[in-house]
Amino acid sequence: MLRYLKANMGLSKTPLDAAMQLAHGPRADAGGERIGLVWMTRRDADGDVIWHNGMTGGYASFIGFTADGKRGVVVLTNVQNSVDDIGFATLLAATPLAAAHKRIPMTAQALDAYVGSYRLAPGFILRIFRDHDQFYAQATGQDAIPVFASAKDEFFANVAGISISFHHDRSDKVSELVLHQNGDHVAPRVSATQAGADGQPHA
């Protein structure tokens with residue numbers, strides 16, 4: 001990957017130099033950035049960054065370099081959690097690292113205060129449930145994922161940069177959650193039923 005990075009940065013000459021430069025060139029807008037042939041370009045006051053990332057079951061990656069060819073980085077991990085912040089922080093001095101999460105223990109009784117269904121959008125529900133001592137979140141049509149407490153009312157998952165904040169009403173009952181993933185998504189609580197991934201009650 002480092003040899004591939006150096007070739008894309010123009011630090012080592014190959015017969016593919018022209019093709020690589022062509023691939024880098026932006027062709028369309030994509031979520032606030034520009035996209036070429038797979039490669040993304042992020043514009044920054046300190047200079048442009050050309051980059052791409054990847055994620056699959058149990059792994060994540062990032063490759064990127066500054067358009068001036070002075071800095072480049074490859075980040076590989078055996079955890080299914082975004083490493084984009086590490087890549088960008090390596091290339092751009094002003095880029096902050098994502099907050100680190102540390103698990104804290106929480107009793108089953110405390111976890112049960114959060115279980116139920118939360119409506120993210122019409123027809124799209126996020127179900128929060130407990131199976132023994134493990135807490136899970138499951139969106140409509142998706143697999144359940146483990147989530148872990150990092151503080152009172154704060155939880156995180158080890159995948160896709162997901163974290164969840166729970167809010168209380170005036171009677172101190174959990175009334176909604178905010179899903180933090182590519183923005184903040186408020187979901188009011190519509191049911192307090194304890195159900196697992198199979199839709200059946202769980203202990």
For the range 107-160, rounded, prolate or oblate, judged on the Cα gyration tensor with a ≥ b ≥ c (square roots of eigenvalues), a/c < 1.5 rounded, else prolate if a/b > b/c? prolate
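What does the accessible area per residue of the chain come to in Å², with a 1.4 Å probe and no ligands, DNA or RNA counted?
Values: 11710 Å² over 203 residues.
Spelled out: the 1.4 Å probe surface of the chain, per residue, equals 58 Å².
Just to be sure I understand: if I project the alpha-carbon convex hull of the range 68-193 onto a plane and average over all orientations, what area do I get in nm²?
Details: hull surface 40.2 nm².
Answer in nm², one decimal: 10.0.
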For the range 77-142, run through the trypsin sites (Lys or Arg not before Pro) and keep only the ones in DSSP coil with at most 11 other Cβ atoms within 10 Å of their Cβ. LYS102, ARG103
Please give the charge dipole size of the range 65-203, origin at the Cα centre, charges +1 on K and R Cβ atoms and -1 on D and E Cβ atoms. Round to the nearest 20 debye. 140 debye
Lysines within cross-link reach of LYS173: Cα-Cα under 19 Å, excluding same-chain residues under 8 positions apart? LYS152
Filtered hits (lysines, Cα-Cα < 22 Å from LYS70, offset >= 8 within chain) -> LYS6, LYS13
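How high is the relative contact order of the range 14-113, given as a whole-number percent (alpha carbon pairs under 8 Å, six or more residues apart)?
14 percent
If MET106, MET9, MET1, MET55 are ordered by their accessible area, calculated over protein heavy atoms with a 1.4 Å probe, which sequence runs from highest to lowest?
Working: MET106 55, MET9 30, MET1 120, MET55 90 Å².
Largest accessible area first, the residues go MET1, MET55, MET106, MET9.
Quick one: pull the percent of accessible area on the chain belonging to carbon and sulfur, 1.4 Å probe, ligands and nucleic acids left out. Walk me through the numbers before you get to the answer.
Details: 6430 of 11710 Å².
Whole-percent figure for carbon plus sulfur exposure: 55.
The values are calculated or read from the model by the stated rules, or taken from the named source; none is laboratory data. All figures in this text were calculated on a predicted structure; none of them were measured in a lab. Neighbour counts are summed over all protein chains in view; Cβ atoms, including those assigned to glycine, are modelled from backbone coordinates with ideal geometry. Just so you know, the surface numbers come from the protein's heavy atoms only, side chains and all, with ligands and any DNA or RNA stripped out. Shrake-Rupley method; radii C 1.70, N 1.55, O 1.52, S 1.80 Å.
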